[in-house]
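The structure appears below as structure tokens.
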Amino acid sequence: MARPSFPTSPLLPTRDLAGLIGKEQHFGATGRAIVAMARSAGAKHVATLHVTCSDEREKECADDFVSTVVRELGAGTFSRRAPMRTANLGARYEWGAAPLATDHFNASGTEGSLLIIKTSAHVGYVERTHEREYGMVEREHNTSTACGALGCLLDSVSQPFTHELELLFHSENVDRLGMLRDSTVVPDKYRPLVASLMNARLQAREALLDVGEAARRNPEQAPSQVLIVSSVSMNRPGADNELLVGFYSGVRDAAAPCGLTFTWTGLPSDPSALHINHRTASLVVTHDGPPTRWARGPKAHRDLPLAHLRAAPSEPAPAAVQSAVDDAVQAIQSDLANQKRPGAKLALAGAAVVIGEVMPIAGLALLFSSGAIKLHYAWRVHRVTSGHATEDEARALFAEVADNMDELSEAEARQVVDRLASELN
Ligand SMILES: [Zn+2]
């Protein structure tokens, strides 16, 4: 998406961090660069959130964030300083964590407040005949998969956590798993490594959307500055290393739809765009694109499924179907204007029934774009609208989100009906 009027350089003083992108290094370097940024920006209230895999080998990574970042920047008794932490299979960002972290650390809406989130994926490697074998790590009693959760994802093991990862890996309608499984795109020997780079990158995207959506709903509670750092721990014999994938930098911006503007500086979320090299026994990952780009916020992500459907000439809604939905929404607007109905929420529920019956897939895109569906459904809506789900799945998702629309306020429901009418015209 071309947005030339948006910033194309980092929004925070992140020069040290930018210099580390794509280069394997000892733990500590990224943390020190985060601290340098926070001090240069004059941050006063600093909230910290760290997401890691549950794998026991991630202890070094977790300890490093505490010792190099949190204990340097945190307030309160030194020995008790700790970040908010999520540790689960595959280092999945948990929706809702960022607003809680800003609240816990008193960084909600305070001047000079800074929210730091680090999403740490991981990959192991062992040395075999002077070449690294990625995806394995020496443990106490054996050598096994690392990251085990990403190994399950790549092997199509069906588990709740792999389903979540699969959706995220297909975000923005990009078939990253297909690319990772295609050895002409990603060589077999680098598949676990590239999967971990993608995971760290995409978990940061999930965090960005959560931060942006929370700021949109409660602008006065948003932190002044946001830094979301994405990295991969490299579990290996001896002390672990780390590779910085990139970072989002965000600042308050009254003109932005969610009240925050973000840029991304770092490696892209496209597996085919990465160049992998090993120089003097360390890994270097580069790419051809610009170092920093404007980052899609919540609104741009909401617009994606509808834009995708409109750009796909094979999937237009039949004229009769479009007309039925159009008529339903116009009737609702008319009823609302004439106060024939008790309220917009009921009217929207009525429209949703019509839309779900006649065009569940395009209807999901429409309702998502109009704000009727919560943002954390983004990847499920992407999957349906990109043609990767059956019509039955689409109808099931539609029924689920229709139930949740009851949580909209009357004012939000009225805005949704107006946006639906404007999208259909
Ligand atoms: Zn893992």
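For the stretch 176-184, check the following and say yes or no: at least one residue is part of a helix (DSSP H, G or I) and under 30 Å from ALA29 (Cα atoms). Checked against the condition, which is being part of a helix (DSSP H, G or I) and under 30 Å from ALA29 (Cα atoms), the stretch 176-184 yields at least one hit.
Would you confirm whether or not the stretch 41-53 contains a residue that is open to solvent by 20 Å² or more (accessible area, probe 1.4 Å) and not in a loop (DSSP other than H, G, I, E, B)? Break it down stepwise before answering.
Of the stretch 41-53, the ones open to solvent by 20 Å² or more (accessible area, probe 1.4 Å) are 41-45.
With not in a loop (DSSP other than H, G, I, E, B) added as a condition, the list becomes none.
Looking for residues that are open to solvent by 20 Å² or more (accessible area, probe 1.4 Å) and not in a loop (DSSP other than H, G, I, E, B), one finds none in the stretch 41-53, hence no.
For the stretch 171-187, the criterion of a residue being under 22 Å from the mean Cα position of the chain (by Cα) and within 12 Å of the ligand (Cβ to nearest atom) is satisfied by no position. Taking each residue of the stretch 155-167 that is within 17 Å of GLU393 (Cα to Cα) and looking for partners that are surrounded by 17 or more Cβ atoms within 10 Å (Cβ to Cβ) and of a type in the set (A, V, I, L, M, F, W, C) with beta-carbon atoms closer than 6 Å, six or more apart or interchain, yields LEU167/TRP379. Note on the stretch 55-156: enclosed strands (runs of 3 or more DSSP E) holding 1 or more residues that are within 16 Å of the ligand (Cβ to nearest atom) and surrounded by fewer than 14 Cβ atoms within 10 Å (Cβ to Cβ) are 143-145. Residues in the stretch 263-301 that are at pLDDT below 95 and open to solvent by less than 20 Å² (accessible area, probe 1.4 Å): THR292, ALA295, GLY297, PRO298, ALA300, HIS301.
The values are calculated or read from the model by the stated rules, or taken from the named source; none is laboratory data. Source: prediction; values computed, not measured. No Cβ is skipped: glycine too gets one built from the backbone with ideal geometry, and neighbour counts run over all protein chains shown. Side chains included, ligands, DNA and RNA excluded: accessible areas come from the protein's heavy atoms. Shrake-Rupley method; radii C 1.70, N 1.55, O 1.52, S 1.80 Å.
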